[in-house]
Amino acid sequence: MRIDFVHILLIEDNAEDAGLFIQLMKNNQYRTYPEFRYTIETVATMEESLKLMNERGVDVVVVDLLLPNTSPNEILDLVERASTKTPVIALTTDDQIESATSAIEHGAQDYLVKNRASGDVIERAIRYGIERKKLMEEQRCIKEDLIRSNRELQQFAYSASHDLREPLRMVVSYLTLLEKRNADTLDEKSKEYLSFAVDGGKRMQAMINDLLAYSRVGTQGEVFVRVDMNDAMVTTLRDLRASIEESGASVTSDPLPSVMADQNQMVLLLVNLISNAIKYRGEEAPLVHISVREDGDEWVFSVRDNGIGIDPRYEARLFKMFQRLHTPQEYGGTGMGLALSRRIVERHGGRIWFESEVGKGSIFYFTIPQLAQSCHC
Ligand code: ADP
């Protein structure tokens, strides 16, 4: 049998109530939970309790929520400030039951109603309060670790891609210079090798730029504001003017709603999806249509095209970084567009997916919650 030794601090200004509480516990000691051993120390004021917690530390605090001159929430804040790890059990009375509910919302592990709690109920509340707090602390630590390592990873991806740009720019520009200066003297094979090297360098530059854009979604995203998606469309069409004209594409859209979002990222998302719809076109001139419908508490946007289509088997793969279905010779690109789109949509609390059939075009869907969401960075 594992014996639990627990040091309980009782903060109670009413000596009679304190005496009764201790009596109830003592009467029940070794009965319901024989492995539960404890000492109880009683103080009458918050000042005394904070001093004691600072000096020695305690395993659990049982506190009367109706101490003079301090509100129940202030009491809980003071205990939390003295030790974030110490569980708190609130003591209240029948006619002040709301203060107990609010104490639970404010971080107390449990509450006991005076004159109604028996010894075993008190012991159970204290023991489970300790266990629950331990679990919550573990979860808090895991969450903090995750947030920190995520932030470090994002920072790493950002710095790595940012710092790689300069040396790579030098490699590409000196190779290009070499190619130009020796155009007359180099034999055909050497020219071919140099041109492969320049192409490879340029492709790597494009990949690094896209990686940088990807890591910026998390590290340099703007706060969400009301974004009129019709305005986002106007900017998108302006950005894509050259490829729309060159391909003879027709890009149309239904009237679109306003959403709470990062303005630049909404444009980036539309640019990615619409430029793919144009790039992966079939024999016909591209027809691209953007529409929207309401589904519960979210907007479901769709970008439909009449292009080459995608085998749905590849859905899970295509939203990952650097995943493509074509060689650079068939279609230019780095395979980052859909990964970037997914990251943007998820930062806004939405989802992205597609429906498609090879040869029959594709529809890309993404959702944006209607209610303002905090950033899912
Ligand atoms: P990239 O276009 O640079 O290859 P993306 O991540 O944007 O990268 O797209 C990944 C792959 O998904 C593309 O290589 C292409 O095979 C496929 N794809 C994306 N959008 C479409 C589309 N509208 N129609 C057909 N295939 C598409």
Q.
If Thr185 satisfies all but one of (1) under 27 Å from the mean Cα position of the chain (by Cα); (2) more than 25 Å from Gly332 (Cα to Cα), what's the number of the condition it fails?
A. (1)
**Q.** Among the residues listed as Tyr158, Tyr174, Tyr193, Tyr128, the single one being in contact with a helix residue (DSSP H, G or I) (Cβ under 6 Å, 6 or more places away or on another chain) and of a type in the set (Phe, Trp, Tyr)
**A.** Tyr158
Q) Considering Tyr214, Tyr280, which residue is modelled with pLDDT under 95, of a type in the set (Phe, Trp, Tyr) and under 20 Å from Trp353 (Cβ atoms)? A) Tyr214
Q | Single residue of Ala183, Ala197 found to be among the aliphatic types (A, V, I, L, M) and part of a helix (DSSP H, G or I) | A | Ala197
Q: Being more than 8 Å from the ligand (Cβ to nearest atom) and open to solvent by 40 Å² or more (accessible area, probe 1.4 Å) is the filter here, so list the residues in the range 327-352 that pass it.
A: Thr327, Pro328, Gln329, Glu330, Arg342, Arg343, Glu346, Arg351
Q: Answer with yes or no whether Thr86 is modelled with pLDDT of 90 or more and out of contact with any Gly (no Cβ under 6 Å at 6 or more places or on another chain).
A: yes
Q. Can you name every residue in the range 115-130 that is without any contact (Cβ under 8 Å) to a residue 24 or more places away in the chain and surrounded by 12 or more Cβ atoms within 10 Å (Cβ to Cβ)?
A. Val121, Tyr128
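Here is a yes/no grid of residues against (1) in contact with a Ser or Thr (Cβ under 8 Å, 6 or more places away or on another chain); (2) acidic (Asp, Glu); (3) not assigned by TED's automatic domain parsing to the domain that holds Asn27:
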position: Asp77; (1), (2), (3): no, yes, no
position: Arg81; (1), (2), (3): no, no, no
position: Thr101; (1), (2), (3): no, no, no
position: Val113; (1), (2), (3): yes, no, no
position: Met136; (1), (2), (3): no, no, yes
position: His162; (1), (2), (3): no, no, yes
**Q.** Residue check for Arg324: assigned by TED's automatic domain parsing to the domain that holds Leu268, open to solvent by 50 Å² or more (accessible area, probe 1.4 Å) and more than 27 Å from Asp254 (Cα to Cα)
**A.** no
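Take the conditions in a strand (DSSP E or B), in contact (Cβ under 8 Å) with a residue 60 or more places away in the chain and not charged (D, E, K, R) and apply them to Phe354. Does it pass?
So Phe354 does not fit the description; no.
Could you grab me the full set of residues in the range 336-368 that are in contact with an Asp or Glu (Cβ under 6 Å, 6 or more places away or on another chain) and at positive phi?
Gly361
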(Q) If I filter the range 356-363 for residues that are within 9 Å of the ligand (Cβ to nearest atom) and closer than 28 Å to Gln220 by Cβ, do I get at least one hit? (A) no
(Q) With the requirement that a residue be within 8 Å of the ligand (Cβ to nearest atom) and touching a Phe, Trp or Tyr at 6+ places or on another chain (Cβ under 7 Å), what does the range 314-326 give you? (A) Leu325
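The values are calculated or read from the model by the stated rules, or taken from the named source; none is laboratory data. Everything quoted here is computed from the prediction, not taken from an experiment. With ideal geometry, Cβ positions are generated from the backbone for all residues, glycine too; neighbour counts draw on all protein chains shown. The protein model used for the area step is the full one, side chains on, heavy atoms only, and it has no ligands, DNA or RNA in it. Shrake-Rupley method; radii C 1.70, N 1.55, O 1.52, S 1.80 Å.
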